[in-house]
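Student: The structure follows.
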Amino acid sequence: VLSLYPRGRWPALALAMLALPVIPTLDFLLAYPLRHVSALLTATMLRLNGIEVGVEGVALAWDGKRLLFDGPCSGVRMLWAALLLASLLAAARGLGAGRFALLLAGAAASQWRRRRMGRRRGTRSERK
């Protein structure tokens with residue numbers, strides 16, 4: 001398959017890697033650390049705004065209650081989807097290694113920005 005796409009061999013290789021069943025492994029390895037970082041960043045932002053919260057693992061302690069960060073909040077699946085879409089686009093366009101790397105970096109940065117903006121807007125239950 002790689003020889004069929006001389007310019008697009010990196011996107012084809014990335015698609016092959018993304019086709020492997022790694023989502024459960026990534027959820028297991030990355031979800032907890034990402035949720036913990038999300039909890040720490042959220043607590044820091046809330047404290048900067050004068051709201052006293054504590055962090056207990058992947059939960060915020062506020063007003064005698066624990067607010068949990070659920071597994072899907074880690075963003076692993078959204079990151080996987082963004083990388084898959086970027087790889088498909090690069091394979092279809094026949095992008096070389098440099099442009100493909102820029103596209104992957106843009107996909108990862110967009111997910112970081114989406115998560116950052118999502119924390120500023122609050123949770124779904126707060127918006128109702």
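Student: Looking at Leu79 and the list (1) modelled with pLDDT under 85; (2) of a type in the set (A, V, I, L, M); (3) assigned to a loop (DSSP other than H, G, I, E, B), which single condition is not satisfied?
Tutor: (3)
Student: Still on this model: How many residues does segment 29-70 hold that are touching a Ser or Thr at 6+ places or on another chain (Cβ under 9 Å), buried (at least 16 other Cβ atoms within 10 Å of the Cβ) and closer than 21 Å to Gln111 by Cβ?
Tutor: Total satisfying the criteria: 6.
Student: Within segment 90-107, can you find the residues that are free of Cβ contacts under 8 Å to residues at least 40 places away in the same chain, hydrophobic (A, V, I, L, M, F, W, C) and surrounded by 14 or more Cβ atoms within 10 Å (Cβ to Cβ)?
Tutor: Leu103, Ala107
Student: In addition: Do any residues in segment 27-51 that are within 23 Å of Ala81 (Cβ to Cβ) and at pLDDT 90 or above have Cβ atoms under 7 Å from those of residues that are β-branched (Val, Ile, Thr) and open to solvent by less than 70 Å² (accessible area, probe 1.4 Å), where the two are at least six apart or on different chains, and which pairs are they?
Tutor: Within 7 Å, no pair qualifies.
Student: Could you list all residues from segment 22-55 that are out of contact with any Cys (no Cβ under 9 Å at 6 or more places or on another chain) and either among the charged types (D, E, K, R) or outside any helix (DSSP H, G or I) (or both)?
Tutor: Val22, Asp27, Arg47, Asn49, Gly50, Ile51, Glu52, Val53, Gly54, Val55
Student: Could you count how many residues in segment 1-21 are assigned to a loop (DSSP other than H, G, I, E, B) and modelled with pLDDT of 80 or more?
Tutor: 3
The values are calculated or read from the model by the stated rules, or taken from the named source; none is laboratory data. All of these numbers come straight from a predicted model, not from anything done at the bench. FYI the Cβ positions are ideal-geometry reconstructions off the backbone, even for glycines, and counts take in every protein chain you see. Quick note on the areas: whole protein, heavy atoms, side chains included, nothing else; ligands and nucleic acids left out. Shrake-Rupley method; radii C 1.70, N 1.55, O 1.52, S 1.80 Å.
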